[in-house]
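Peer 1: Pasting in a structure now, in C-alpha cells, and then I'll have a few things to ask.
Each reported figure results from applying straightforward, stated rules to the coordinates on display, with no laboratory input. In this text, all values refer to a predicted model and were calculated from it rather than measured experimentally. Every residue, glycine among them, receives a Cβ derived from its backbone with ideal geometry; neighbour counts consider all protein chains shown.
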Amino acid sequence: MKTGALWMTLLVSVSLVGSSCGNKAKESAKSSNPSQAQGAKNAGKAPPPAQVIPAPAALPKVGPDGVATRFPAVVKVSPPAALTSQLKDILKKIEDKQYKVRREAYTGLNGLVKVHSKDMVLARFLVTSGNSRVADYAFRILNNVKSNPDFLAVVVSLMGHPSDFIRFRAVGLMSFKVSKETMAKAMPFIRALLKDKSCVVRREALSVVTTQSRRGRKVPVKALQAALKDECPAVRAYAMMNAMFATDPKKPDAALVKQLSEAALKSDYAVERCAAMLGLGRLKVPGAEKIIAKGFTMQTVPTLVVRYLSSSGVRPFSSHSSMPACATDAMVALTGKHASGKPVDRVKYWMTEMAKKHLARRPGKGFCLGRRDCKQDAEVCLNMRCKPYAKATSAYWKYVALKHCEAKRPTTKWYNFISDAAVKAGFGLHWNAEWKLRLFLRKKDPKAFAKKEKAIKANPLCPKTIHSRR
C-alpha cells in the first residue's frame, strides 16, 4: 500500500515538471524571435515603399565652338531615409541663435559626413540646403565619389548654381583625380565659366583650363590673353604668371612685356606685382633685373582677398609668403641660378647680389621676412628687422592713426590682405604684429593705452595719400 502511494506521488510530480517545462519553452520561443511574431502580425500588409532618388539632369548639347551655352538644372533630392531625422535635427540647430548649439550641430554634421563619406545622395541633399557652410560638407563627399556614374552630371549642374561659392567649389573638384573622359565632357562647361560674373569663379576656371590644356600639350592662348585684360587682379595675376604660354617665349609680344613691366612697378595689388615679376623672369626679358629687384624692398605679402558675390565670405589668392620671396623666385627664373638654404637665406643671397649692383640694400642683423623669423611673443618683424615689443611702440601708434583713416573708406570687391596702414607702419611682413603690440601695451599700462588711443582716434591727421582696398 505504501509502495503504491509512493508511485502515485512520483507520477504526479513528473507530470507537473513536464508541463512547466513545456510552458517555459513556448514562452522562450516567443521572446527569442520577436521578428517572426511581428511578421506574423503584419502578414498580408504591403512593405514600405523604397526611397526613390531622382537622377541628375542630363548634360545639354555643346555648341560648335566647344563652349557650353547653358547648364543642366540642379535636381533636388530628399535626405537618405536612414538619416532623415538626424539631418532634420542638425539643420534645425544650425539655424539656432546660440553659438554653442550651432557648434554642436556642425560637429554632428562633420561626424555624419565622415561616416557616410561616399554617400552621393547625402552630398546632393546637403549642397541644395541653402546654407553655404553646410554645402561645403557636400564637397567633401563629392571629392570621394569621382568614380560614381552620377558625379559628372551632378558637378556640371552645380557649375550653373546661382551661388558663386557653389560654382567655385564645383570647378575646383575638376582640378585633380578626374579621368580623361570625364574631363573631356566637363571642359565645355568649364570654359563657359571663363566669362562668369564672379572673380573667384573665373580665376578657378582659368586655372583648371590652363592646367588641363598643358597636360594635353595644348596651350589655351586665347583664354590667357583674354584674362590679361580681366578687371579682377586675381585673374590677371594668374595669366601673368603663365605669360610664357600666351606668347612666343623667344620673341615675347612687346605689348605683353609692357603690361608686365607696368604692373610690376605700379599695380596697387601686391599679388599682381608678384605675378608680373614672375612673368618677366620666366620670359627672360632683357633688363627685367632692375624691375624684379624692386620686389626686395616691398614689405608686404602678395595675397589678394576677393569677396564672394552671393555671401559674406571671402577667398584669398596668393602665390608666395612675401614679396622678397617672390622676387627671389623671379630672379631664379630669369638667371637660372639657385641658392640653397631656408627661404630667408635664399632671399638674403639675392639681396646681397642685388646690393652689389646698387639695386637693393644688404640684409642686416636681425633680418626677417615674417613672424617666424623672430622670437615668438617677444619680437615683431618691423621694416625687415626683428624688434622687441618695447622698441616697436611708436610704429604701433602710427599704425593706429593710419588704420583709423583707412576704415573710413568704402568697401570694394577685392583688397590686399595686408592693409596699407600696416605696410606704411612697417608691419607688412608680420600680419598680426599690431595685435601683439596692442596686447603688450594694454597689459603694461591700461589707462595710458586707452587715453592715447582715444586721443589719436579723435584727431588722426589722416594723410591724403592713404587709400584702402577694403
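Peer 1: Let a ≥ b ≥ c be the square roots of the eigenvalues of the Cα gyration tensor of region 182-272; is it rounded (a/c under 1.5), or, if not, prolate (a/b larger than b/c) or oblate?
Peer 2: Since a/c reaches 1.5 but b/c is at least a/b, the shape of region 182-272 is classed as oblate.
Peer 1: Here's a follow-up. Give me the angle, in degrees from 0 to 90, between the Cα long axis of helix 433-444 and the longest principal axis of the Cα atoms of the chain, rounded to the nearest 10.
Peer 2: It works out to around 80 degrees.
Peer 1: Something else: Can you tell me the convex hull volume per residue for the chain, based on C-alpha atoms, in Å³ to the nearest whole number?
Peer 2: 295
Peer 1: Anything over 24 Å Cα to Cα? Flag those among Lys195/Lys229; Lys258/Lys356; Lys195/Lys413, in the order listed.
Peer 2: The answer is Lys258/Lys356.
Peer 1: Here is a follow-up. Can you give the longest run of the chain that contains no GluC sites (Glu not before Pro) sitting in a DSSP loop with at most 13 other Cβ atoms inside 10 Å?
Peer 2: 232-470
Peer 1: While we're here: Which residues' amide hydrogens lie under 5 Å from the amide hydrogen of Gly313, considering only partners 5 or more residues apart or on another chain, with H built in the peptide plane?
Peer 2: Close amide H contacts, sequence-distant or interchain: Tyr308.
Peer 1: Helix 84-94: angle to the longest alpha-carbon principal axis of the chain, degrees 0 to 90, nearest 10?
Peer 2: Orientation of helix 84-94: about 40 degrees from the principal axis.
Peer 1: About its Cα centre, how strong a charge dipole does the chain have in debye, to the nearest 20, once Lys and Arg get +1 and Asp and Glu get -1 at the Cβ?
Peer 2: 1300
Peer 1: If I histogram all Cα-Cα distances within region 56-190 using bins 10 Å wide from 0, what percent of pairs lands in each bin?
Peer 2: Per 10 Å bin, starting at zero, the Cα-Cα P(r) for region 56-190 comes out as 12, 42, 31, 12, 3, 0 percent.
Peer 1: Taking the Cα centre of region 291-393 as the origin, how large is its charge dipole in debye, to the nearest 20, when only Lys and Arg (+1) and Asp and Glu (-1) carry charge on their Cβ atoms?
Peer 2: I would put it at about 280 debye.
Peer 1: Among the aspartates and glutamates, which have Cα under 19 Å from the Cα of Lys337 when same-chain residues fewer than 8 positions away are ignored?
Peer 2: Once the sequence-local aspartates and glutamates are set aside, what remains near Lys337 is Glu289, Asp329, Asp345, Glu353.
Peer 1: State the volume of the convex hull built on the alpha-carbon positions of region 371-458, expressed per residue in Å³ and rounded to an integer.
Peer 2: Convex hull volume per residue, Cα atoms: 90 Å³.
Peer 1: In addition: For q = 0.32 Å⁻¹, what log10 I(q)/I(0) does region 398-441 give under the Debye formula with an equal point scatterer on each alpha carbon and no solvent?
Peer 2: -1.21
Peer 1: Shifting gears a bit: When only DSSP loop residues count, what trypsin sites (Lys or Arg not before Pro) in region 360-398 have their Cβ near at most 16 other Cβ atoms within 10 Å?
Peer 2: Taking region 360-398 and a limit of 16 other Cβ atoms within 10 Å, the loop trypsin sites (Lys or Arg not before Pro) found are Arg361, Lys365, Lys375.
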